[in-house]
Amino acid sequence: MIELGVNIDHVATLRQARRTYEPDPLWAAVEAELGGADGITVHLREDRRHINDRDVQLLRQAVQCKLNLEMSLAEGIVEIAIQTRPDQATIVPERREEVTTEGGIDLLREPDRIAAVVKRLKSAGIFVSAFIDPEEKQIETAAAQGFDAIELHTGEYANARGPQIAKQLERLARAAEKTSRLGLRLHGGHGLNYRNVAPIAALPRMKELNIGHAIISRALFVGLRDAVREMKWIVEGGGL
């Protein structure tokens, strides 16, 4: 069965729009769990534009399912991860000027630094995943650097139109097969929604999907608990 990780960053984004205390991401995590979420995902950015240190601490104490911390290689963030000990850490690229994460991290840049961070996180008992583009060399490098899992960046698939949809899906299928062959756990995420998620969930050996924007958007109309239930139903093969 595929695990559904619900990214609640956008709840914190709404809070920060007014620089107030609500909506609290902790409430969102509780509602998502009640809706059937298998994991709660948050990205602690260096600029703290949405999720902040307090959120991570409280979520670590309260979340009953998997807590997945998306993070950069910045030393301060690595230290917070080691101290907080989320169940999973997902290494992602980060640029201050981007609205959201754009593309996977390039594991071929600073390979020694990346391998060292992976080793430190794993030594703290944290399961470590790499958010990468579906490219063979990146997958091979992830395996060599000691990652436990790969989260394939599905953004190009999500943005594709017409014949490009099948092309991008095939690219992801090849990457998924390579990932499994190397013994890494297969995850996917970025740009997935209620209409395009089913083919990604159907990829052989897919174990986890992390979805945020679509679920939080749907929650505005049906509530977060039901929005998670609906996505869970589709991911498990129930259809729209």
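Every read-out reported here was derived from the displayed coordinates using simple, explicitly stated rules and does not represent laboratory data. All figures in this text were calculated on a predicted structure; none of them were measured in a lab. Methodologically, a virtual Cβ is constructed for each residue, glycine included, from the backbone with ideal geometry; neighbour enumeration extends over all protein chains shown.
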5 Å-binned pair-distance histogram of the chain (Cα, whole percent):
1, 7, 15, 19, 21, 18, 12, 6, 2, 0
Please list the non-local residues whose amide H lies under 5 Å from the amide H of E3, H modeled 1.01 Å from N, same-chain partners needing a gap of 5 or more.
E208, L209
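Restricting to bridges with both residues inside the chain, how much of the DSSP beta-bridge set is antiparallel, in percent to the nearest 5?
Details: 0 of 33 bridges.
Approximately 0 percent, going by the DSSP bridge assignments.
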How would you rank 125-135, 69-79, highest first, on the average number of other Cβ atoms within 10 Å across their residues?
125-135, 69-79
For the ranges 162-173, 182-193, what's the packing order if you count other beta-carbon atoms within 10 Å of each residue, average per peptide, and put the highest first?
182-193, 162-173
Cβ-Cβ FRET estimate between D24 and D106, R0 fixed at 30 Å, reported to 0.05:
0.30
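Within 10 Å of each residue's Cβ, count the other Cβ atoms and sort Y157, Y21, Y194 from fewest upward.
Working: Y157 25, Y21 7, Y194 18.
The order, fewest Cβ neighbours first, is Y21, Y194, Y157.
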Can you give me the C-alpha center-to-center distance between the stretch 169-233 and the stretch 38-60, rounded to a whole angstrom?
21
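Per DSSP H run of n ≥ 4, the term is -39500 (n - 2.57); total these for the chain, divide by its residue number, and report the mean residue ellipticity at 222 nm rounded to 500 deg cm²/dmol. Show your work: numbers first, answer last.
On the way: 11 runs with 112 residues, N = 240.
Rounded to the nearest 500, the figure is -14000 deg cm²/dmol.
Could you tell me the ratio Rg/Rh of the stretch 104-233? Both radii from Cα atoms, Rh via Kirkwood. Please list the in-between numbers first.
On the way: Rg = 15.7 Å, Rh = 15.5 Å.
Checking Rg against Rh, the ratio lands at 1.01.
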Between E70 and residues 5 or more places away or on another chain, the pairs with built amide H atoms under 5 Å apart involve V42, H43, L44, T90
Neighbour counts of other C-beta atoms within 10 Å: give me R19, R218, R45 arranged from fewest to most.
R19, R218, R45
What nm value, rounded to one decimal, do you get for the distance between L220 and L182 when each label is placed 7 Å out toward the C-beta?
3.8
Starting from the Cα of A74, step 7 Å along the direction of its Cβ; do the same at R113; then give the gap between the two resulting points in nm.
1.3
